[in-house]
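> Below you will find the structure I want to go over with you.
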Amino acid sequence: MQSTPVSSSSVSLRPLFSLPVIVASLGYFVDVYDLLLFNIVRVPSLKDLGLSEADISLIGGKILNYQQAGLLLGGILWGVLGDKRGRLSVLFGSIITYSLANLACGVVQNPELYAWLRFIAGLGLAGELGAGITLVSEILPKELRGYGSSMVASVGLFGAVVAYFTVTLFDWRTTYFVGGGLGLGLLALRVSVLESGMFMKVQGTTVSRGNFWALFQERNRVLRYLRCMGIALPTYLVIGILATFGNEFGKALGIAEAIQPGRCVMFTYIGTVVGDLASGVLSQQLRSRKKAIGLMMGLTAVFVLVYLFGGISSAGTFYAVCACLGFSIGYIAMFLTITAESFGTNLRATATTSVANNVRATTLLSIPAFQAMKPQLGVIGASAVVAVVCFGLAYWALTTMEETFGKDLDYTEA
């Protein structure tokens with residue numbers, strides 16, 4: 001189904017500013033805001049609920065795992081529904097689920113209920129990005145898909161920056177109300193969005209849609225799926241370990257000023273916003289998703305080496321390197337666009353949505369591995385081992401996958 005790439009120079013850019021692209025972008029904005037909110041307000045919220053310093057670490061980790069479990073389960077659920085009921089039904093269902101869960105988090109009074117509400121929020125948040133990228137990939141001309149996915153990611157990832165500043169301005173309960181309110185407000189825009197024409201065409205046939213297990217019934221399809229996940233591993237190495245545990249790396253590097261993980265995450269996401277815009281343009285100019293991701297991945301490896309072994313001695317330099325790391329992993333939308341382009345219309349949402357959340361959930365493996373190796377190897381050594389594994393798998397995935405730039409998506413999986 002591969003078609004010859006076509007120049008986008010003669011194609012109007014107007015579709016990039018259509019309502020579906022705007023709704024997908026704003027939806028991801030709220031998604032990222034809500035997804036990172038617990039990470040930022042974890043300590044103050046649990047202190048307010050009466051937990052001791054020792055309990056905060058234990059209970060905070062438990063609640064985060066509940067949220068991650070929701071993401072993992074939701075990635076499958078919403079993906080299947082996206083192919084069975086439509087991309088817009090997922091956008092509606094996911095938005096209302098995480099919005100109501102976040103409003104409830106604003107009035108929570110005990111850690112047990114807090115954990116379950118974060119599970120429900122994670123379940124809802126799992127549907128937004130995959131459905132949005134799938135919809136945008138199907139409605140935009142193939143010459144503009146790279147630009148469209150970058151627009152969605154860049155607007156969306158800015159939600160992390162807004163989350164950080166919202167927390168500095170308001171108490172933790174108000175920040176949850178803000179997130180819930182933003183989501184409910186987004187529903188008003190979603191009402192006017194039309195369903196993907198490709199999905200509507202397949203819906204009128206007898207072809208099987210949204211069968212999650214079909215992804216694993218053929219060797220070629222399994223490998224496509226694993227490669228789409230593999231190329232994204234360096235992104236959550238940076239977000240899940242290097243940025244999230246920035247305070248530990250600061251101490252290990254001997255930086256005098258205390259490093260704030262919240263600021264590390266903020267600077268990382270600021271860089272990612274710019275990087276996602278750049279990678280989309282780069283893929284269009286190179287007429288290649290693989291070459292664009294390969295360049296970004298190589299740049300990520302360079303900045304990881306600088307971060308771990310570059311002798312950073314000041315907080316300012318440390319945060320600057322976090323921003324550079326963020327820029328280099330700015331191919332989040334690109335790896336999801338490749339996923340959408342790699343599967344037929346009857347499995348596209350299932351694959352894209354589950355891949356998006358499976359990659360997020362890789363921290364359930366990478367973080368415990370990092371923690372387990374720290375006593376013997378130290379913070380730097382443990383993270384270096386995890387990095388080698390992540391980059392090794394990512395390189396294999398990238399070099400063995402097909403090029404999808406300019407691919408016609410109007411087809412189904414047998």
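The values are calculated or read from the model by the stated rules, or taken from the named source; none is laboratory data. Owing to the predicted nature of the structure, the values given are computational and were not obtained by experimental measurement. Methodologically, a virtual Cβ is constructed for each residue, glycine included, from the backbone with ideal geometry; neighbour enumeration extends over all protein chains shown. For the accessible areas, the whole protein counts, side chains as well, though only heavy atoms, and no ligand, DNA or RNA atoms are used. Shrake-Rupley method; radii C 1.70, N 1.55, O 1.52, S 1.80 Å.
> Quick one: pull the percent of accessible area on the chain belonging to carbon and sulfur, 1.4 Å probe, ligands and nucleic acids left out.
Here carbon and sulfur together make up 67 percent of the probe-accessible area.
> Right, next: Lys/Arg Cβ at +1, Asp/Glu Cβ at -1, dipole of the chain taken about the Cα centre: which of 40, 192, 170 is farthest positive-ward?
Going by the Cα projections, it comes out as 192.
> Name the GluC sites (Glu not before Pro) in segment 213-257 that are in a loop by DSSP and that have at most 12 other C-beta atoms within 10 Å, would you?
Of the GluC sites (Glu not before Pro), the ones in loops of segment 213-257 whose Cβ has at most 12 other Cβ atoms within 10 Å are 218, 257.
> Heavy-atom accessible area per residue, segment 223-279, 1.4 Å probe: how many Å²?
32
> Further question: Just name one of 63, 258, 155: the one whose Cα is farthest towards the positive end of the charge dipole of the chain (beta-carbon charges, Lys/Arg +1, Asp/Glu -1).
155
> To the nearest 20 debye, what charge dipole does segment 150-255 have about its Cα centre, counting +1 at the Cβ of each Lys and Arg and -1 at the Cβ of each Asp and Glu?
It works out to roughly 400 debye.
> Using only the alpha carbons of segment 46-104, determine the length spanned along each of the three principal axes and report them from longest to shortest in whole angstroms.
So the extents along the principal axes, rounded to whole Å, are 46, 21, 8.
> Could you please report the charge total around residue 297, scoring K, R as +1 and D, E as -1 over all other residues with beta-carbon less than 15 angstrom from its beta-carbon?
Local charge sum for residue 297: +3.
> Local charge sum around residue 81 (other residues, Cβ-Cβ under 11 Å, Lys/Arg +1, Asp/Glu -1)?
Counting the neighbours of residue 81, the net charge comes to +3.
> Separate question: Out of (i) -0.78, -1.17; (ii) -0.63, -1.08; (iii) -0.71, -1.21, which label holds the value of log10 I(q)/I(0) by the Debye sum over Cα atoms at q = 0.10, 0.13 Å⁻¹ that was computed here?
(ii)
> Work out the length of the dipole vector of the chain about its Cα centre, built from +1 on the beta-carbon of each Lys and Arg and -1 on the beta-carbon of each Asp and Glu, and round it to the nearest 20 debye.
540
> To the nearest 20 debye, what is the magnitude of the charge dipole of segment 23-77 about its Cα centre, counting +1 on the Cβ of each Lys and Arg and -1 on the Cβ of each Asp and Glu?
Charge dipole of segment 23-77: 60 debye, to the nearest 20.
> Right, next: Ranked highest first by average number of other Cβ atoms within 10 Å, how do 349-358, 87-96 line up?
Descending packing order for the listed peptides: 349-358, 87-96.
> Quick one: which of 201/291; 251/374; 142/201; 62/374; 47/374 span more than 22 angstrom between C-alpha atoms?
201/291; 47/374
> While we're looking at this one, here's another question. Picking from 305, 100, 294, whose Cα lies most toward the positive end of the charge dipole for the chain (charges on Cβ: Lys, Arg +1; Asp, Glu -1)?
Of the listed residues, the answer is 294.
> Hey, another quick one. With a 1.4 Å probe and every protein chain left in place, work out the accessible area per residue of segment 282-414 in Å², rounded to a whole number.
With the other protein chains kept in place, segment 282-414 gives 33 Å² per residue.
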